[in-house]
Amino acid sequence: MSHVALLGAIEIGLLFGLVGIGVFLSFRVLNFPDLTVDGSFPLGAAVAGTIIVAGGNAYLATALAILAGALAGLVTAALNLRFRILHLLASILTMIALYSINLRIMGKPNLAILNEATVLTPFQGLGLSNLYLRPLYAGVVTLIVAFLLIRFLASDMGLAMRATGANPRMARAQGIDTSRMTYLGMALSNGLVALAGALFAQMNGFADVALGTGTIVVGLAAVIIGEAILGMRSIRLWVLGCVLGSVIYRIAVAAALNSSALGLNASDLNLVTAVLVAVALTLPGAKNPIRALLARKGSAGKSPS
Amino acid sequence: MKRSRWGLMAGAAALAAILLAAAQGRSADTVTIAVTAIVEHPALDAVRDGVRDELEAEGYAQGKNLTFVYESAQGNPATAAQIARKFVGDGPDVIVPISTPSAQAVVAATQDIPVVFTAVTDPLDAKLVTNLEKPGGNVTGVRDTAPIAKQLALIREILPNAKVIGMPYNPGEANGVALLNMVKKEAPALGFSVVEAAAPKSSDVMAAAQSLVGKADVIYVSTDNQIVSAFASVVKVGVDNKLPVFAGDTDSVPRGAIAAIGFDYYDVGRQTGKIVVRVLKGEKPGDIAVQDVGTLQLFVNPGAAKAMGVTIPDAVMQRAKKVVQ
């Protein structure tokens, strides 16, 4: 794997780390299986792209993209909480609606953002080539988001949100407004996914209505790979695991792209990626070296299951 | 503990083997052409094969002085972006992206490596180039803007009394929407009106075609990738209801369209390959104008016509480049 391909994989992995964190919030913290992300990822790209192409400021465009994503999350939460639609179905409804809405926003299925001023433009004069600037930028944004989320989940409100997902009846008994927590969590989750979409579109030069295909799968893969490697012992490791898991997933895709020398075809890409991820998940087995190291350093003896 | 360490080492070795296998060196007199498409389907695959065959016709032989790399993003734009990065990292002599999103991802990833895009409907709107005559920079290519007026004229010639054209299309595909708009623009001049039928998923294509029964006198399938990939279901609706089906690409004629005047995507690949060779011989991509597809061909399928209750006039039969039996 070349240097450029590796940096590209890390960059795209870090961006999809935001998707991983978003999916972690809905799927793990709130216990809400949410497929809205397949629509909110291209939604972020569409909103940011349209505003940028119209001459708007890239940072304002990205902020509005986050807002649009949050709104999509609120719609799914409302369909579930107010109208009592099963969460999976509620999120599918929002997802398919977003397909049409994204087409409306962009006015066409593919929007070029090449040669426009993007969030990266202010940093491009600093002597760092795009090759390094893009992964660095993606890394800084994703780590700031991860840090803020870790802080949030340790706050009173964050604890209330975790209680909502873990045991809603108990949470309500403690005076927690569980619907408010669900609304907030779904808005946060999809806002983060839309942020990832907005940044992806700006860094890769286009927004496309097909951009969302399989976002949920990639997000879940990131969460689960992260859990397998760093474990779930603390919120901090759990959230960082989502980012690490996403980067590993992208490196697996990059490795799959390099598998032609083994007699594999371009059409085998998805299969090879799946096998590589499965290998990464199962090989270390129960005695994961990273986790073992952390276990030795942390609370003695008690191994996480 | 010991067992898991062996397992881990085996896994690491397997991964390393894959990574190393890909990093084989190449000698100085070998050229590397890296081709990528957003998805695999017959027309896009034909473009790829055309590029490769043109290179071989020009004396670049695979395994000797040509390394020909091909990757498909399997429909996923994020993978397209990763393929673009991989190609830029491998440093091929020319990158050939097939289709709009693949081309955008490649153009966003490099300002240095020559890019010869192909099968892009509107390179200006896709912002691949700012000027078709003199693109500048490292990018040029072939655009496959469809000869809509000629295709509608063909339908008029075979069906003098048809009034309404039914057009299934995918609202999620840039290409499909652009073609629908072009048909709507050209149709009145030939006395046609247009009824559209949206099919956002492959599984919707059959229903979209059925919705046109009774509303349209003829179904026209443009080079919308999704409709083309589910073309068989449109043909079935056409045969069952004696509703003539025409296509925008000649590859669809053996699959059951009555006739099509269009590009053979293999020829599009050959034409693209010619530009690639010019770049390999030292021309700057930015100095080569973006080309329209050169040769148009007429394919007819009398069997399909009969099944849909239509007779193809002799004048059309005689002009046909290929008659599908």
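The values are calculated or read from the model by the stated rules, or taken from the named source; none is laboratory data. All values derive from a computational prediction rather than experimental measurement. Reconstructed Cβ throughout: ideal geometry from the backbone, glycine too, with neighbour counts over all protein chains shown. Ligands, DNA and RNA are stripped out before the accessible areas are found, and what is left, the full protein with its side chains, is counted by its heavy atoms. Shrake-Rupley method; radii C 1.70, N 1.55, O 1.52, S 1.80 Å.
Only a single item in (1) more than 13 Å from chain B (Cβ to nearest Cβ); (2) aliphatic (A, V, I, L, M); (3) in a helix (DSSP H, G or I); (4) over 18 Å from A:Thr215 (Cβ atoms) is not met by A:Leu7, and it is number (1).
Kindly indicate which of B:Ala108, B:Ala103 is out of contact with any Ser or Thr (no Cβ under 6 Å at 6 or more places or on another chain) and modelled with pLDDT of 95 or more. The match here is B:Ala103. Answer yes or no as to whether B:Pro254 is of a type outside the set (Asp, Glu), buried (at least 17 other Cβ atoms within 10 Å of the Cβ) and farther than 22 Å from B:Ile98 by Cα. No, not satisfied. Pairing each residue of the range B:164-185 that is assigned by the TED database to the domain that holds B:Val218 with any residue that is open to solvent by 20 Å² or more (accessible area, probe 1.4 Å) and of a type in the set (Lys, Arg), provided the two are 6+ apart or on different chains, yields C-beta distances under 9 Å for B:Val164/B:Lys215; B:Gly166/B:Lys215; B:Met167/B:Lys184; B:Asn170/B:Lys201; B:Gly172/B:Lys201; B:Ala174/A:Lys108; B:Val177/A:Lys108; B:Ala178/A:Lys108. On inspection, B:Val177 does not qualify as away from chain A (no Cβ under 12 Å) and either assigned to a strand (DSSP E or B) or crowded, with 18+ Cβ neighbours inside 10 Å (or both). Screening the candidates A:Gly17, A:Gly13, A:Gly73, A:Gly44 for the property of being of a type outside the set (Ser, Thr, Tyr), open to solvent by less than 20 Å² (accessible area, probe 1.4 Å) and more than 14 Å from chain B (Cβ to nearest Cβ) yields one hit, A:Gly73. Note on the range A:107-133: residues that are open to solvent by 20 Å² or more (accessible area, probe 1.4 Å) and part of a helix (DSSP H, G or I) total 9. Screening B:Thr32, B:Thr36, B:Thr79 for residues that are modelled with pLDDT under 95 and under 19 Å from A:Asn258 (Cα atoms) leaves exactly one candidate, B:Thr79.
Residues that are open to solvent by less than 30 Å² (accessible area, probe 1.4 Å) and within 14 Å of another protein chain (Cβ to nearest Cβ) number at least 1 in the following helices (runs of 4 or more DSSP H) confined to the range A:140-235: A:178-204, A:215-230.
Identify all residues within the range A:76-92 that are in a helix (DSSP H, G or I), surrounded by fewer than 17 Cβ atoms within 10 Å (Cβ to Cβ) and more than 20 Å from the chain's Cα centre (by Cα); write none if there are none. Of everything in the range A:76-92, just one residue is in a helix (DSSP H, G or I), surrounded by fewer than 17 Cβ atoms within 10 Å (Cβ to Cβ) and more than 20 Å from the chain's Cα centre (by Cα), namely A:Leu89. Restricting the range B:89-107 to residues that are in a helix (DSSP H, G or I) and surrounded by fewer than 24 Cβ atoms within 10 Å (Cβ to Cβ), the residue that is nearest to the other protein chains (Cβ to nearest Cβ) is B:Gly89.
Condition check ((1) surrounded by fewer than 17 Cβ atoms within 10 Å (Cβ to Cβ); (2) within 30 Å of B:Val235 (Cβ to Cβ); (3) modelled with pLDDT of 95 or more; (4) aliphatic (A, V, I, L, M)) across all residues:
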site: B:Tyr265; (1), (2), (3), (4): no, yes, no, no
site: B:Val268; (1), (2), (3), (4): no, yes, no, yes
site: B:Gln271; (1), (2), (3), (4): no, yes, yes, no
site: B:Lys274; (1), (2), (3), (4): no, no, yes, no
site: B:Val279; (1), (2), (3), (4): no, no, yes, yes
site: B:Lys284; (1), (2), (3), (4): yes, no, yes, no
site: B:Ala289; (1), (2), (3), (4): yes, no, yes, yes
site: B:Thr295; (1), (2), (3), (4): yes, yes, no, no
site: B:Asn301; (1), (2), (3), (4): no, yes, yes, no
